[in-house]
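Laboratory data are not the source of any read-out in this text; all were calculated from the coordinates shown. Computed from a predicted model, the values in this text were never measured in an experiment. Heads up, the Cβs are rebuilt from the backbone with ideal geometry, glycines too, and the neighbour counts pull from every protein chain shown.
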Amino acid sequence: MKEKTYQYEENPSYVSRREFITISGIVIAILAIPSIWVRSAVVKRNSYIRARIKGLYRDDTESKVRVSHGNGGVAKLYSDFAGHPLSEVSEELFHTQSYINRTRI
Amino acid sequence: MSKNQSWILKHPWSVRSFHYLLVLSFIPLAITGLVLYFKPFDQLEMNLYMRIHVVTGVILTLDAVAYFVIGFNRVIAFVKRSFSFSVNDIKWFSILGGYPQKFLLRKKVSVPPMGKYNSGQKLFGICVLIGGTILIATGWGLWAFPHTLPHGMGAVFGTLHLVFGWILVLFLLIHIFLGIYMFDDFKAMFLHGKIPYEEARGMAPLWVEKEIMKIEM
């Protein structure tokens, strides 16, 4: 066994058992309380998003027409006026003509 | 090292290894943090500094968590010492530990007896405990979970990160200066962990009196 090169060290019982439990409890509580606060704030924020998603799904379920190609109004527009999707008139009226890069705006 | 001199083990291997990793992570964190604050370089270089900041932040977190778990008893002892106050602390702060008199006036004034940490070190310890925890928590929030943070909390995290970052960087400068000035303690922390008994009795008489015990050889 390697010989120790020092003659003194700290007394391990400097912190009594009672102090150890008390300080540990305070340290863990100080770490836990803000964590709980942040978690509840995140959950609250997510509950808003979840409510929004739930509403969209409910609208979808309750809707009679759930797909754009089943929309009678759109079908009538094509049959009476625009011809068919990607026709010249459709391209002219319904499609974006130019792209503007707005990432720096 | 004189063979007749008695030595106290002040910083065991666990503390020294934690401190090595702390030095290796916190100093780059402080430098890159200052660069990110002042933004002196172009976008590409700033991105590199951000990456270094993140990697060293992860190292610091792992170091802190590992020490918290493995050296929990030493963390508790550190908390007890840092938050133990007496009238001596007021006396110590009233003369700032005698350092200004020593450095500016070349005069030695009597300093109230201190424990393992003097009052200034205790204040630094409290800042490290509270500020370090806040820096780690807010740093992770800002880097890893910005999309999860509720509206407004990102700004609060950013402000806390900035304020405590500045406090610890300014304290770090004093800590490095006085750490090197106390050269025996510097060697103890970076090399062998031991300080001479007589010097400890002069610098930290309450520590030697109340916390130190002779070991059986």
Residues meeting the amide H criterion for residue B:7 (H placed from the backbone, H to H distance under 5 Å, 5 or more places apart or on another chain) are A:7, A:8, B:197
Taking chain B, the whole-percent share of alpha-carbon pairs separated by over 32 angstrom is 28 percent
Those chymotrypsin sites (Phe, Trp or Tyr not before Pro) from the stretch A:6-105 that are DSSP loop and have at most 14 other Cβ neighbours within 10 Å turn out to be A:99
With the stretch B:125-207 reduced to its Cα atoms and the Debye formula applied, log10 I(q)/I(0) at q = 0.22 1/Å amounts to -1.00
When you have a sec, figure out the Kirkwood radius of chain A from all distinct Cα pair distances and drop it here in Å to one decimal?
-> 22.4 Å
With the convex hull built on the Cα atoms of the stretch B:10-130, state its orientation-averaged projected area in nm².
-> 9.9 nm²
From the phi of every residue in the stretch B:99-104, what ³J(HN,Hα) in whole Hz does the Karplus formula 6.51 cos²θ - 1.76 cosθ + 1.60 yield, where θ is phi - 60° and glycine or proline is x?
-> 5, x, 4, 5, 7, 8
Helix-only mean residue ellipticity at 222 nm for chain B, each DSSP H run of n ≥ 4 adding -39500 (n - 2.57), per residue, nearest 500 = -23500 deg cm²/dmol
Mind jotting down the distance between the C-alpha centroids of the stretch B:131-159 and the stretch B:43-63, whole Å?
-> 15 Å
Footprinting proxy, A:74, A:27: sorted fewest to most Cβ within 10 Å, the residues are A:74, A:27
Reference-scaled alpha-carbon Rg (2.2 N^0.38 Å with N residues) for the protein assembly as shown | 1.54
If you take the charge dipole of the stretch A:1-80 about its Cα centre, with +1 on Lys and Arg Cβ and -1 on Asp and Glu Cβ, which of A:48, A:13, A:32 is farthest toward its positive end?
-> A:48
Span per principal axis, largest first, for the Cα atoms of the stretch A:12-63 (Å) = 72, 13, 12
Tabulate in residue order the Karplus-calculated ³J(HN,Hα) for the stretch A:54-63, using 6.51 cos²θ - 1.76 cosθ + 1.60 with θ = phi - 60°, rounded to whole Hz; enter x for Gly and Pro.
-> 4, x, 5, 5, 5, 4, 5, 5, 7, 6
Sparsely packed trypsin sites (Lys or Arg not before Pro) within the stretch A:29-105, loop by DSSP, other Cβ within 10 Å at most 14 = A:64, A:66, A:102, A:104
Amide H within-cut-off set for residue B:212, under 5 Å, with H built and near neighbours excluded = A:11
